[in-house]
Amino acid sequence: MTLWRIRATVDDRPGYLSVLTASLALRGVNILAVQVHTTERGAVDDFLVDAPDTLDEADLVAAVERGRGRDCWVARSEARGLADQPTRVLGLANRLVRDPDAAGEALRALLGADAVTWRPAPAGAGGGITDTTMLLADPNGGAFTLRRAAPGFTPAEFARAQALLELSATVARRAAEQVTLVLPDGAEAAVRPATADDLPGVVELHEGCSARSRHRRYLGGAAVPSPTRLRRLLEPARGLTLLATAGGDSAPTESVVAMANLLAEGDEAEVALLVRDDWQRRGLGSALLRRLVRHAEQAGYAALVLHVQAENAPMLRTLRRLGRPAPAERDGALLTLTVPLAADTRDAGKGALLRRAPS
């Protein structure tokens, strides 16, 4: 028996796929996997089959045509073709997580392209496909062009390829956004955007904080917030959450030692910090607050808002270190401080957002 890949188009009507598979079965062809790509011309069926050694390419094409298939393409397949498409895509995604710069190689492997090229010019209107050419917008800028003599590209393949590029861009952005802070006492902490996968570490952060620190952060009660609430904080609908982690050669895993939240509503954003007790008074909170201010200005927010207990002297000191005016309104024991952001930086940020929107 020999492995083959067969691609053919059939009318997208009930029963037509069964006619094609029956025609293959009559010749002893065993179908191992099938994918269906919906196109304007009909349903493009992609088969991985095990065929008797006595059948050649012409025999398989004839079997497809007798089964009402058209535009048939047949090629021998290797044993690796036995891996189903989701497994292959997950493997390539794992590769991109380790090496975001391997996007071109991943696209070639995903689609079996004959050639993959990148150019700095944008794809324009998100790219698209012809029969043998695919143009993909690179979220990092520029565009990829893929060429494959046969079979022709399908919309489903275009969607998979674009999703893979989006993943690569996300990984690259997160890697670029990660920095290492060297604090005044010489300690180092890595700062990066949070993800939902950080939930266990953030729960440990809260459990490692004193009740007083948690009360100052959440203003009402000292209990550890529910996992549902923490997930919303890790990936806010609008805004950014930064985590500071510490770990060395002697630590098996990194430990989350601080969390900084920027939660946007309208043209303002609320800021809150939680620093583990043994990392307080070391400059970490000030460094995180400065990074949130910089992000808020670039994103185009008009002001930052902080709700702070009047007795929370460490947080008030951290805010004063910004060196910016912060008018305060007092309601009992609660202070609401507003930090205006630079108008020129804010306007530039809005312009950047508008330029990115069409892509």
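Points to keep in mind about this one:
- Among the conditions (1) out of contact with any Asp or Glu (no Cβ under 6 Å at 6 or more places or on another chain); (2) farther than 22 Å from Ala79 by Cα; (3) surrounded by 12 or more Cβ atoms within 10 Å (Cβ to Cβ), Val49 misses just one, which is (2).
- Number of positions in segment 50-75 that are more than 12 Å from Ser23 (Cβ to Cβ) and hydrophobic (A, V, I, L, M, F, W, C): 6
- Selection within segment 171-198: residues that are more than 20 Å from Ala109 (Cα to Cα) and among the β-branched types (Val, Ile, Thr). The member of this set that is modelled with the highest pLDDT is Val191.
- A single entry from Asp84, Asp101, Asp131 fulfils the requirement of being in contact with a strand residue (DSSP E or B) (Cβ under 7 Å, 6 or more places away or on another chain), of a type outside the set (Phe, Trp, Tyr) and exposed (fewer than 15 other Cβ atoms within 10 Å of the Cβ): Asp84.
- Exactly one residue out of Val61, Val19, Val44, Val36 is β-branched (Val, Ile, Thr) and buried (at least 19 other Cβ atoms within 10 Å of the Cβ): that is Val44.
- Some residue of segment 289-301 being assigned by TED's automatic domain parsing to the domain that holds Pro325, under 23 Å from Leu183 (Cβ atoms) and in a strand (DSSP E or B): no
The values are calculated or read from the model by the stated rules, or taken from the named source; none is laboratory data. What you see is a predicted model; the values in this text were computed from it and never measured. Cβ coordinates were reconstructed from backbone atoms using ideal geometry, including for glycine residues, and neighbour counts include every protein chain displayed.
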